[in-house]
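Readers should treat all values here as calculations from the given coordinates under stated rules, not as data from a laboratory. Predicted model, so just to flag it, every value in this text is computed and none were measured. Virtual Cβ from ideal backbone geometry, glycine too; neighbours counted across all protein chains shown.
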Amino acid sequence: MTNFDTTDRDLAPSRDSRHSPELGLASLIMGAVLFLAAPITLILAVQVWAFSDHSPHTVQLHAWLARVGVSIALLTAGASIVFGAQGVRLAFRDGQQAGISLAALFLSLAALALWLVTAIGLLNATESLLRLHGH
C-alpha cells in the first residue's frame, strides 16, 4: 500500500529544486522565437515600405502597430534575459548544470541585439512613410 499522507514540509520546495532548467527552457523558447521573428520582421518592413497602401490612415496604423510591436518584442527580450540570468544564478547556487540557462541567456542576448537592429529598420520605414504620406 502507498502512503498518501503529506505535510506542508513535504510540499515545500527543497534547496535542490529544479527551477533552473525550467527558467532556462522558458528563456530558450522565448529567445528562439524572438531570434527567428527578427529577420522576418525586417522583411516585413521592406514590404510595407515598397508595397503598402500609402493612404494617411493606413500609414498611421502601420506606424502605431510598429511602435507597439517593437515595444512588446523588446520587453519580451528583456524578460527572456532575466529568466536566463535567474536560471544561471540558481544553477550555480544549487550546484546544478547551467547549460540550458546559459545557452538561453546567450540566445536571448543575441535576439535582443537583432531586435534593436530590427526596431531601427521597422520604425525608420514606418516613420518615414508617416512623414511622407501621413498628412
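For the charge dipole of the chain, defined by +1 on Lys and Arg C-beta atoms and -1 on Asp and Glu C-beta atoms about the Cα centroid, which residue among Ala50, Ser80, Pro39 has the Cα displaced farthest towards the positive pole?
My answer, from the dipole projection, is Ala50.
How would you order 53-65, 118-130 from highest to lowest mean count of nearby Cβ atoms within 10 Å? Kindly include the intermediate steps, with their values, before the conclusion.
Numbers: 53-65: 15.1, 118-130: 19.2.
Output ranking for 53-65, 118-130: 118-130, 53-65.
Considering only the other residues whose Cβ falls under 13 Å of the Cβ of Gly87, what net charge follows from Lys and Arg at +1 and Asp and Glu at -1?
With Lys, Arg at +1 and Asp, Glu at -1, the net is +1.
How far is helix 99-133 tilted, in degrees, relative to the longest principal axis of the Cα atoms in the chain, given as a value from 0 to 90 rounded to the nearest 10?
Taking Cα atoms only, the helix is inclined about 20 degrees.
Compute the Cα gyration tensor for the chain, then decide on rounded, prolate or oblate, letting a ≥ b ≥ c be the square roots of its eigenvalues: rounded whenever a/c is under 1.5, prolate when a/b is larger than b/c in the other cases, and oblate in all that remain. Before the final figure, lay out the partial values.
Values: a/c = 4.26, a/b = 2.82, b/c = 1.51.
Prolate.
Which value, in debye to the nearest 20, describes the size of the charge dipole of the stretch 19-133 about its Cα centre when Lys and Arg Cβ atoms bear +1, Asp and Glu Cβ atoms bear -1, and nothing else is charged?
Magnitude of the dipole: close to 160 debye.
To the nearest 10 degrees, how steep is helix 56-94 against the longest Cα principal axis of the chain, on a 0 to 90 scale?
With rounding to tens, the tilt is 20 degrees.
Whole-Hz ³J(HN,Hα) for each residue in the stretch 28-34, computed from phi via Karplus 6.51 cos²θ - 1.76 cosθ + 1.60 with θ = phi - 60°, x for glycine and proline: what do you get?
5, 5, 4, x, 5, 4, 5
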